[in-house]
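The values are calculated or read from the model by the stated rules, or taken from the named source; none is laboratory data. Every value quoted in this text rests on a predicted model; they were computed, and no experiment measured them. Note: ideal-geometry Cβ built from the backbone for every residue, glycine included; neighbour counts use all protein chains shown.
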Amino acid sequence: MRSSSEVGAPALVRLRGVAVAAVVGVVFAMTAASAASAAPVGTIPPGASATSGTVVAWGDNAFGQTAVPAGLADVVAIAAGRFHSLALHSDGTVTAWGSNFFGQSAVPAGLANVVAITAGYVLSMAIVGVASVDEVAPVPSAAQAPAANAAGWNNTDVTVSWNWSDGDGSGIDPAACQATTTSVGEGAQILSGSCTDRAGNTGTATHPVKIDKTAPTLRPTLKGGLIWYGSKVTVKANATDRGGSGIASSSCQPVNTSTPGPRTLTCTATDRAGNTTTVTVDYVVGLTVTKLSPPAKTKTKAGSAVPVTFTLSGSGGKPIPATLAQQLSTTCAVKVTLRGNTATCATYNPTKRTFTATVKIPKNLTPRSVIPISITAIAGTTTIASATTSVTIARETHRTEHPEQSHR
C-alpha cells in the first residue's frame, strides 16, 4: 500500500527548458521560450500544441484536471494536484481547473502579483509578491554633437541626444521619449526634451547651446591707392561680428613701402565660434616728382631743345636712394614725353641726384602755344610717379637796323 507521500503528492521537474508537473495518473508539460530549440522530451500526444508559454497535459482526466482551458497562454509556471491543476501567467495572475470539491480551483478574486504557485492533494497555494511601484521619472544623459569649442560656441547646428534612462523603474516608452533635439538659427538657445516611462512618469531636460554661423566682417583702414615710398603706415582690420560670439582675434599684415610698385596685404579676423574671414587690400608704393624744371609755361623758341630735370622722392620729399634711382634709369622706367612725340628715357645723375631728359620742340608751332610735358615712372605696368609741366612758344623778334649803320 502506498503512503500519502507516494500517492497524489505533486512533483515538479524541469527538463531542457520544459517545466513538467506530475501526480499519480497526471502529467503536465509547459513549453517555455527555450523549448522550441531544446531537444524533445518524450512524445507529445497527438493533437497537443508546443507553442511557447502554453500547457500540454495528459493522463487521468476524471475531474477535468488534464483538460487545459482553451486559449491558456503566457504561462510561466504550473502545478498539479490530485484532482486539479494550476497555471501562473507572466502578468502575475493564476488560472485553475479540474475538481473544485474543496474549493481548490476557486482562485480568489483579485489575486495578483503572484510569483509562485503550488498544488496540494486538495488545496492550492500562491506566493504574492510586493507590487512594483514606479514614481521616478526618467533621467537624461545629454550628449551634444558637435561639441562646443573652448569658448563654448559652435559654428554649425547642434544636435543633443538625450539618452534617457529609467533605472530599475518600469522602463521608458520609446514612443513617448524624445531621442534628439537640434538647434535652429543662431544665438544662445535652450534645447529641451521629454520622456515618459511605462508608469506614466514624465521627465524633462534642457541643454544650453550657443550658435554663431556668421563669419566676421572686415573694413580695413587701408582702402588701397597710393602710399609714399618709405612711409610708415599701420593698417587695422576693423572687424565686427554679426553672429553674436564676438571677435576673438584680428590682424593685418604690415604695409611694405621698402620698394616702389604694386603690393598686396591680407587682413584676417576670427570670431569666438571659429568663423574666419580674410580680405586682401591692394595698394601702390609710389614716388613724388620734385624740383621739376622747367616750370610750367616757360617760354621757349620753336625748334629748340629743352632739358627737363627733376628728382624722384619718397615720404617727406626725401630723394630715393641712388641704387633705386639708377635701377629705374637703367630699365628706362622713367620717361619724359612732349605732347605728340615719342617718350624719352630719363637718365640719372648720381652727383646731383636728378633725372634728365631733353625734348625737342617742333619748329612749326604757333607762337604762344602751350605744349605740355609729362613725366612718368612705372614699375611693371603700374605708374608709381607722374607729373606735368609745360612750355610756351615765344614770339619771334626781328631786329631793325639804324639808317646810319647802313652807311658804315
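Among residues belonging to the range 232-275 that are touching a strand residue (DSSP E or B) at 6+ places or on another chain (Cβ under 9 Å) and among the basic types (Lys, Arg), point out the one that is farthest from residue 150 (Cα to Cα).
Only one residue tops the list, namely 263.
Residue by residue, here is whether (1) assigned by TED's automatic domain parsing to the domain that holds residue 113; (2) in contact (Cβ under 8 Å) with a residue 40 or more places away in the chain; (3) assigned to a strand (DSSP E or B) holds:
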{"residue": "53", "(1), (2), (3)": "yes, no, no"}
{"residue": "56", "(1), (2), (3)": "yes, no, yes"}
{"residue": "65", "(1), (2), (3)": "yes, no, no"}
{"residue": "68", "(1), (2), (3)": "yes, no, no"}
{"residue": "71", "(1), (2), (3)": "yes, no, no"}
{"residue": "78", "(1), (2), (3)": "yes, yes, yes"}
{"residue": "88", "(1), (2), (3)": "yes, no, yes"}
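Conditions (1) closer than 30 Å to residue 273 by Cβ; (2) within 37 Å of the chain's Cα centre (by Cα); (3) of a type in the set (A, V, I, L, M), marked per residue:
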site: 133; (1), (2), (3): no, no, yes
site: 161; (1), (2), (3): yes, yes, no
site: 169; (1), (2), (3): no, no, no
site: 177; (1), (2), (3): no, yes, no
site: 183; (1), (2), (3): yes, yes, no
site: 189; (1), (2), (3): yes, yes, no
site: 192; (1), (2), (3): yes, yes, no
site: 203; (1), (2), (3): no, yes, no
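Specify the residue that is surrounded by the most Cβ atoms within 10 Å (Cβ to Cβ); the eligible residues are those in the range 351-366 that are free of Cβ contacts under 8 Å to residues at least 60 places away in the same chain and assigned to a loop (DSSP other than H, G, I, E, B).
Ranking the candidates gives 353 first.
Starting from residues that are within 17 Å of the chain's Cα centre (by Cα) and in a strand (DSSP E or B), keep the ones in the range 227-277 and report whichever is farthest from residue 321 (Cα to Cα).
271
Output the residues belonging to the range 203-213 that are buried (at least 17 other Cβ atoms within 10 Å of the Cβ) and not basic (Lys, Arg).
203, 205, 207, 209, 211, 212 - these are the residues of the range 203-213 that are buried (at least 17 other Cβ atoms within 10 Å of the Cβ) and not basic (Lys, Arg).
Do you know which residues across the range 328-350 are within 16 Å of residue 385 (Cβ to Cβ) and either small (Gly, Ala, Ser) or assigned to a loop (DSSP other than H, G, I, E, B) (or both)?
If the condition is that a residue be within 16 Å of residue 385 (Cβ to Cβ) and either small (Gly, Ala, Ser) or assigned to a loop (DSSP other than H, G, I, E, B) (or both), then 329, 331, 332, 333, 343, 346 are the ones that fit.
Within the range 296-336, how many residues turn out to be hydrophobic (A, V, I, L, M, F, W, C), in contact (Cβ under 8 Å) with a residue 60 or more places away in the chain and surrounded by fewer than 16 Cβ atoms within 10 Å (Cβ to Cβ)?
The number of residues fulfilling the criteria is 1.
Checking the conditions here, which among 114, 107, 68 is under 59 Å from the mean Cα position of the chain (by Cα) and either among the β-branched types (Val, Ile, Thr) or surrounded by fewer than 21 Cβ atoms within 10 Å (Cβ to Cβ) (or both)?
114
Pick from 246, 230, 225, 200: which is surrounded by fewer than 17 Cβ atoms within 10 Å (Cβ to Cβ) and either hydroxyl-bearing (Ser, Thr, Tyr) or under 30 Å from residue 287 (Cβ atoms) (or both)?
From the options 246, 230, 225, 200, the qualifying one is 225.
Just wondering, is there one or more residues in the range 218-226 that are assigned to a strand (DSSP E or B) and either of a type outside the set (Phe, Trp, Tyr) or more than 30 Å from residue 314 (Cα to Cα) (or both)?
Checking the range 218-226: at least one residue is assigned to a strand (DSSP E or B) and either of a type outside the set (Phe, Trp, Tyr) or more than 30 Å from residue 314 (Cα to Cα) (or both).
Pick from 377, 387, 325: which is outside any strand (DSSP E or B), within 27 Å of residue 283 (Cα to Cα) and aliphatic (A, V, I, L, M)?
Matching residue, one of 377, 387, 325: 325.
In the range 251-268, is there at least one residue being small (Gly, Ala, Ser), in contact (Cβ under 8 Å) with a residue 60 or more places away in the chain and in contact with an Asp or Glu (Cβ under 6 Å, 6 or more places away or on another chain)?
No.
So which residues in the range 199-217 are closer than 30 Å to residue 177 by Cα and in a loop (DSSP other than H, G, I, E, B), if there are any at all?
199, 200, 201, 212, 213
Pull up the range 250-290, narrow it to residues that are farther than 30 Å from residue 229 by Cα and not acidic (Asp, Glu), then point me to the one that is surrounded by the fewest Cβ atoms within 10 Å (Cβ to Cβ).
My answer is 276.
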